Amino acid sequence: MRELISDIIIFIGIAFIALGIIGIYRFNNFYSRALVASKVDTVGYITIIIGVMIRHGFSYFTMKVFFILLITLIINPLITHSIVRSAFISGYKLRKE
Amino acid sequence: MTFAVVTLIIFSFLSAFRVLIGPTLWDRLLGLNLVTSKLIIIIILMACLRMESFLLDMALVYALLSFIGIIFISIYIQRKGRF
């Protein structure tokens, strides 16, 4: 029963990541692409990790996976912030279509 | 579960392709960030498949190192090479 639930959650996470990939190729300027890609990617990441955690119940394995989830939750927004900040400060302006 | 790993590998190739196309320099950094996060998910899924916990330590170290790498690259670009 638990296997089924975790598989469903992992597939939902993969659907999110697929949306993130579509988001990368759909937008034409950098800022909207960065917004969509990082946000959807983090959501897909969380869903898959929760699916893995459910699959393994309560053990050292799940504790390590939870720790990785915490670290990445802090890191991903920071990385995207630093990328977009360096883009903005270096003067990447949007051309008004 | 193996289906999940295979699709994630395909997605990491697609975001790696974004690194190739990316018109601006920061698109490439964004693509690198996406490739890294997908590889971390793949490592965690492989660790879940093979029930080996040393892979999780590897995924954690890889996440931290990629974080430091991308942060310093973006700072280097932001300061236009004067680091």
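The values are calculated or read from the model by the stated rules, or taken from the named source; none is laboratory data. Nothing here was measured: the structure is a model prediction, and the numbers come from that model. All Cβ positions, glycine included, derive from the backbone under ideal geometry; neighbour counts span all protein chains shown. Ligands, DNA and RNA are excluded from the accessible area calculation, which covers all protein heavy atoms including side chains. Shrake-Rupley method; radii C 1.70, N 1.55, O 1.52, S 1.80 Å.
Can you pull the accessible area of residue A:88 for me, 1.4 Å probe, Å² to the nearest 10?
Around 120 Å² of this residue is reachable by solvent.
What residues in region A:67-96 lose 40 Å² or more of accessible surface when the other protein chains are added to their chain alone (1.4 Å probe)?
Hits at the 40 Å² cut-off: A:68, A:75, A:79, A:82, A:83, A:86, A:90, A:92.
Quick one: Debye curve from the alpha-carbon atoms of chain B only, equal weights, vacuum; give me log10 I(q)/I(0) at q = 0.13, 0.19, 0.22 Å⁻¹ to two decimals.
Result of the Debye calculation: -0.48, -0.86, -1.01.
List the equivalent ellipsoid semi-axes of the protein assembly as shown in whole Å, largest first, each obtained as the square root of 5λ for an eigenvalue λ of the Cα gyration tensor.
31, 18, 12
Would you mind computing Rg(Cα) / (2.2 N^0.38 Å) for chain A, counting N as its residues?
Rounded to two decimals, the normalised Rg is 1.33.
Hey, got the dipole for chain B? About the Cα centre, +1 on K and R Cβ, -1 on D and E Cβ, debye to the nearest 20?
400 debye
Residues of region B:12-43 with amide nitrogen under 17 Å from the 7 Å Cα-to-Cβ point of residue A:29?
B:23-27
Counting only heavy atoms of the protein chains, get the accessible area per residue of chain B (1.4 Å probe) and round it to a whole Å² value.
With the other protein chains kept in place, chain B gives 50 Å² per residue.
Taking the alpha-carbon centroid of each part, what is the distance from region A:12-31 to region B:50-65 in angstrom?
For region A:12-31 versus region B:50-65, the Cα centre distance is 26 Å.
Quick one: ranking A:56, A:81 by accessible area, 1.4 Å probe, largest first, what do you get?
Ranked list, largest accessible area first: A:81, A:56.
Pull up the cross-link candidates among the aspartates and glutamates for residue A:39, meaning alpha carbon to alpha carbon under 18 Å and not fewer than 8 places away within one chain.
Hits, sequence-local ones excluded: B:27.
Ignoring ligands, DNA and RNA, what percent of the accessible area of chain B is carbon or sulfur (1.4 Å)?
Carbon and sulfur: 77 percent of the exposed surface of chain B.
Ballpark to the nearest 100 Å², how much total accessible area do A and B bury together, probe 1.4 Å?
Buried: approximately 3800 Å² between B and A.
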